[in-house]
Amino acid sequence: MLCRLGGRWLRPLPSLQLGARGPPAALASTGCAKHSALPLWAVASVSAVGPGGQGGWYEALARSAPVQGAEEVLLGAHSATGLPWWGSILLTTVALRGAVTLPLAAYQHYILAKVENLQPEIKNIARCLNQEVAVRAHQLGWSKRVARLTYLKNMRRLVSELYVRDNCHPFKATVLVWIQLPMWIFMSVALRNFSTGAARSEVSAGFSVQEQLASGGVLWFRDLTALDSTWILPVSVGVINLLIVEIFALQKIGMSRFQTYITHFVRAVSVLIIPVAATLPSSIVLYWLCSSFMGLSQNLLLRSPRFRQLCRIPLTKSDSDTPYKDLFAAFYAKFISRK
């Protein structure tokens, strides 16, 4: 944790690192020993700075350009809107998810719809290729292994040509993950820096961001630098993430074994994130909650036939004219009416 003294950022002495039982008097006299309800591991850096001045991977991440950019976005939103910090976090999350992840999610559904519409053609090609390989294998005396390898090699080539023809390679559908996950990490680390005083802290009003966060909450979490002792925010994050997983599972009929394993894994992560969130500053957990709620809203919005048509997402065989009614019926049948 850094302290500001005489216009310069100073590091605590080695004796004041992780493991000290209380705030030293030297720090208290300079005003840096602000009381915090956070556990030591959440306040301290993951690894100490070595003699050469280079820290561990987390400190490198916390000082990286993307994290500094996330800090600038948060500070800019707070200054431009004049909202309290809880409102700035909420507004920034909604803006980022709406401007970045919603278009990417629509693009993901566009690619997946085109891939789904190719399945009848792929099945037809597979049937014809299987017959052709069987004839050639009989004529040339191929073994079953050679025939199988020949079939797979040609099938991969033909399917790849279909993806190129329709410009819908499934890998393009993963672009959402490659953008959303880093953004989530950078925003979380930026809020952690603000909450622990490890980032730039001077603002025009003369108060540090950490001090503003300490009084920038609302309702039961008025101190955004402290833990949510009620566990309402952490539990809410877990519940919303579980809802997202269950909505995905309900729309998938006849999932493969791999998809089933992945679904169970994400369910477990959604539950495990609750105790993890309970050990973090409320500012981070509030961001997670807003982000998860926006994810749930986007998931439901992208089921709307009108919105899909607006985004020019191709119609597929699995599309429904009453998606929300079907979803409620499936949810009721699985979780309520089941004996």
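Of note:
- Pairs from the table (K172/K325; K123/K144; K123/K172; K153/K317) lying more than 24 angstrom apart at Cα are K172/K325; K153/K317.
- Computed about the Cα centre, the dipole magnitude for the stretch 221-326 is approximately 420 debye when only Lys and Arg (+1) and Asp and Glu (-1) carry charge, each at its Cβ.
- Of the solvent-accessible surface of the stretch 267-339, computed with a 1.4 Å probe over protein heavy atoms with every protein chain present, carbon and sulfur atoms account for 66 percent.
- Ordered from largest to smallest accessible area (heavy atoms of protein chains, 1.4 Å probe), the residues D326, D166 come out as D326, D166.
- The stretch 114-212: relative contact order in percent, alpha carbon pairs under 8 Å with at least 6 residues between: 20
- Partners of K334 within straight-line reach, counting aspartates and glutamates whose Cα lies under 20 Å from its Cα and excluding those fewer than 8 residues away in the same chain: E246, D326.
- At the listed q of 0.09 Å⁻¹, the Debye profile of the stretch 50-156, built from one uniform point per Cα, gives log10 I(q)/I(0) equal to -0.60.
- Nitroxide proxy distance, nm - points 7 Å out along Cα→Cβ at L301 and K144: 5.3
- Area of K153 that stays accessible when all protein chains are in place (1.4 Å probe, Å², to 10): 140
- Share of carbon and sulfur in the accessible heavy-atom surface of the stretch 101-155 [1.4 Å probe, %]: 57
- Base-10 log of normalised Debye intensity for the stretch 106-180 (one unit scatterer per alpha-carbon) at q = 0.11, 0.16 Å⁻¹: -0.39, -0.66
The values are calculated or read from the model by the stated rules, or taken from the named source; none is laboratory data. This one's a predicted model, so the numbers in the text were calculated from it and none came from an experiment. Using ideal geometry, Cβ is built from the backbone for each residue, glycine included, and neighbour counts are taken over all protein chains shown. Heavy atoms of the whole protein, side chains included, go into the accessibility calculation; ligands, DNA and RNA do not. Shrake-Rupley method; radii C 1.70, N 1.55, O 1.52, S 1.80 Å.
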